[in-house]
Amino acid sequence: MAIREKNDIASVVAEYVTLKKSGKTLSGLCPFHHEKTPSFTVSPDKQLFYCFGCGAGGDVFTFVMRMENLTFPQAARWLAERAQIPWVEEEESPDMARRRQERDAIFRLHKLAADFYNQILLHSPQAQAARDYLQERGLDQEAVSRFNLGYALPVWDGLVRLLKKKEIPMALAERAGLVLAGTNGYFDRFRDRIMFPILDPQGRVAAFGGRVLGDGHPKYLNSPDTPVFSKGRYLYGLFQAKEAIRAKKEAVIVEGYTDVIQAHLNGFPEVVASLGTALTMEQIKTLRRYVQQVVIAYDADAAGQAAMVRGLDLVRRAGIGVRVATLPTGDDPDSLLRRGEVERFRACIEQGEDLFLFKLNHALKSHNLNTPEGKARAVAAAIPLLAEVESRVAREEYLRLLSHRLQVTAETLYQEWRSYQRRSRKNNQTLDNSRQTGNTTVLPSPMSFPAGRDNPPDPVERLERELLRGALQEIQNFRRIIEALFMEDLENPLYREILGRLNQLYTPDREWPPEATELPDSCRTEYLSLLAENEAKQYPVDIEGCCLRLRQMQIIREIKQVQSELAAATELKGEALTERLNRLNDLNKVLRRDFPTFSGLT
């Protein structure tokens, strides 16, 4: 398939995951579940991926389907566009077709608007004030070109007139967030503003941010949520920064558009912005595809500090390392770099505090450390932070540091820490008891990433899957399984279907295993996952052991089923009762005969 050939899996995965060479394979942190030690592997030779942690696996189509939450046809189209291969639409539902067409139309419309605003900035006499403003801010022609900056004229219908001329429906432009409907018709959303196009990771214009030139409000105006944009999902500058981020294995997060642009112009291409908000889970998931470490460099004012604290725990829970760059009071990255203090900004980044120290300092600022009561409150605020530190060595160092800062003995602090631990264990025990008795509703963790499977499979399903994996390792394994089991013995209908299809494809001299394209669509994703798992796990499957264990579990399950029927059927008499009792007796005989070491049912 041309789409697969033009989309090398290592190249596609590297757009989401930082990969390192490991023999013939590549490895990195799994994007599908939370982990700190890499268990995610990519095989360039086989064009497959597999995660030892969560069991996710497959080919490049499977990967894109999971990462972008797409169906197979949607993933194929996504990869075709990535490789610039002409796409012929597969069959899709009318609703899917309508949404896809609308998204495509909005992306095209945004590109048209971005070019329109850019040309106005470059050539319109009415944009002279905008050009002067950018010049004063140190944003030269390179900045305008690299980030496609533009200007929206101080008129009500500048963009509206262009769209009408091109016969673009105003309803679509309103849906895209470019125009608004009023009593006298449609008018431009953005007026008299420097325009900052916001790109998706593929470089398509998804939205705009507009900075007012005069004293208007709001100072910054973003596009509203649309079918292609949600403010909490995007990071400004990511498209321009992603290659540098991968190379450096670190991203620097700032707040504003001009912070990003100044950083890129001054030799910091790994900088992105959170669009003026505290970091969201969606933004963190996006970052986690690229890096294992971030530096937060928000403004040094109180609002900036508060926004920083709100996002830090989310970053930590996502398994990303965090440092905090403390900027000089009254400065942001833009102002610091405009003054030419490049090395000072670099020092702020390189000397950033680790997460615990930043949160500790932030907590201590709220208390008067010159009074006993203030110290006590500071300790009460600081001790819970230690629970977030996994390393015992680091925790001891932090206790000593806190002792020095507060002029309180380390022994006293350690006693407070132990007391906090006891209270936490007691609270957790109470919570566990409440869970068991159903007396409380347990809220989910605020940050979680999906594992390979929604629910862990039961023992029978695990054995059935292991047998299938063995069947794909060698053709002799497949023959042994078919001889030992009937297809009907498998309880999982998907595994039955795969085994049945393999039986249809089997010939003694054929190449094994069959290509995934030889299986129906309903089987292909799981089949690819099995192939990927075999590529990652080189050890052979114990076919005889799995068959015996599966047979034993099937007998046990049937015994329990018959016992349940006998217990429930109080009016069961005569032949029906005798038949069930005989069946129970026969099953127990088979269990004792074939599995003499089995200790009995519990």
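None of the figures in this text is laboratory data; all of them are computed from the coordinates on show. The model shown is predicted, which means the values in this text are computed figures rather than measured ones. A quick note on method: Cβ atoms are made from the backbone with ideal geometry, for glycine too, and the neighbour counts reach across all protein chains shown.
With an 8 Å cut-off on Cα pairs and a minimum separation of 6 or more residues, tell me the relative contact order of the chain in percent.
Values: 797 pairs, mean separation 67.9, N = 602.
Relative contact order here is 11 percent.
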Estimated vicinal HN-Hα couplings, Hz - the range 269-275 in sequence order (Karplus 6.51, -1.76, 1.60; Gly, Pro = x): x, 8, 8, 9, 10, 8, 6
If the reach is capped at under 19 angstrom between alpha carbons, list the lysines near Lys359, excluding any in the same chain fewer than eight residues apart. Lys375
What FRET efficiency do you get for Phe72 and Ala244 if R0 is 41 Å and r is their Cβ-Cβ distance, rounded to the nearest 0.05? 0.80
In nm, to one decimal, how far is the modelled label at Leu548 from the one at Thr329, with both set 7 Å along Cα→Cβ? 7.6
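Take each of the peptides 152-162, 53-63, 517-527, average the number of other beta-carbon atoms within 10 Å over its residues, and list them starting from the highest. Could the numbers behind the result be given before it?
Working: 152-162: 18.5, 53-63: 22.8, 517-527: 16.1.
Highest to lowest by the protection proxy: 53-63, 152-162, 517-527.
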Relative contact order, percent, of the range 459-541 when contacts are C-alpha pairs under 8 Å separated by at least 6 residues? 40
Least to most buried among Val590, Val324, by other C-beta atoms within 10 Å and fewest first, runs Val590, Val324
If you take the beta carbon distance between Glu353 and Ala97 as r and set R0 to 45 Å, what does 1/(1 + (r/R0)^6) give as a FRET efficiency, to the nearest 0.05? 0.30
Which label in [x] 34.1; [y] 26.1; [z] 39.5 gives the computed mean projected area of the Cα convex hull in nm²: [z]
Note on the range 1-66: contact order normalised by length, alpha-carbon pairs under 8 Å, 6 or more apart, percent, works out to 27
Once Ile85 and Ser124 are pulled to full extension, the length gained, defined as 0.36 nm per residue separation minus their Cα-Cα distance, is 10.3 nm
Using helices alone, I'd like the mean residue ellipticity at 222 nm for the chain: each DSSP H run of four-plus residues gives -39500 (n - 2.57), total over residue count, nearest 500. -16500 deg cm²/dmol
Distance from the range 147-171 to the range 20-45 (C-alpha centre basis), Å: 46
Within straight cross-link reach of Lys560, meaning Cα distance under 14 Å, which aspartates and glutamates are found once same-chain residues fewer than 8 apart are removed? Asp586
Please list 3J(HN,Hα) in residue order for the range 175-181, calculated via the Karplus relation 6.51 cos²θ - 1.76 cosθ + 1.60 where θ = phi - 60°; whole Hz, with x for glycine and proline. 4, 7, x, 9, 9, 10, 9
Can you compute 3J(HN,Hα) from phi for each residue in the range 213-230, using the Karplus curve 6.51 cos²θ - 1.76 cosθ + 1.60 with θ = phi - 60°, rounded to whole Hz and x for Gly and Pro? 7, x, 9, x, 10, x, 4, 10, 10, 9, 4, x, 5, 9, x, 10, 9, 9
Lys21: which lysines have alpha carbons under 20 Å from its alpha carbon, excluding same-chain residues fewer than 8 sequence positions away? Lys36, Lys46, Lys242, Lys248, Lys249, Lys537
Could I have the simple spin-label model distance between Arg418 and Glu390, label points 7 Å from Cα toward Cβ, reported in nm to one decimal? 2.6
5 angstrom amide H check on Leu29, placed H, neighbours 5+ away: Thr18
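Rounded to the nearest 20 Debye, what is the dipole magnitude of the chain about its Cα centre when Lys and Arg each give +1 and Asp and Glu each give -1 at the C-beta?
Values: 82 positive and 81 negative charges, 270 e Å.
Rounded to the nearest 20 debye, it is 1300 debye.
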Given the peptides 191-199, 576-584, arrange them by the average over their residues of other C-beta atoms within 10 Å, most packed first. 191-199, 576-584
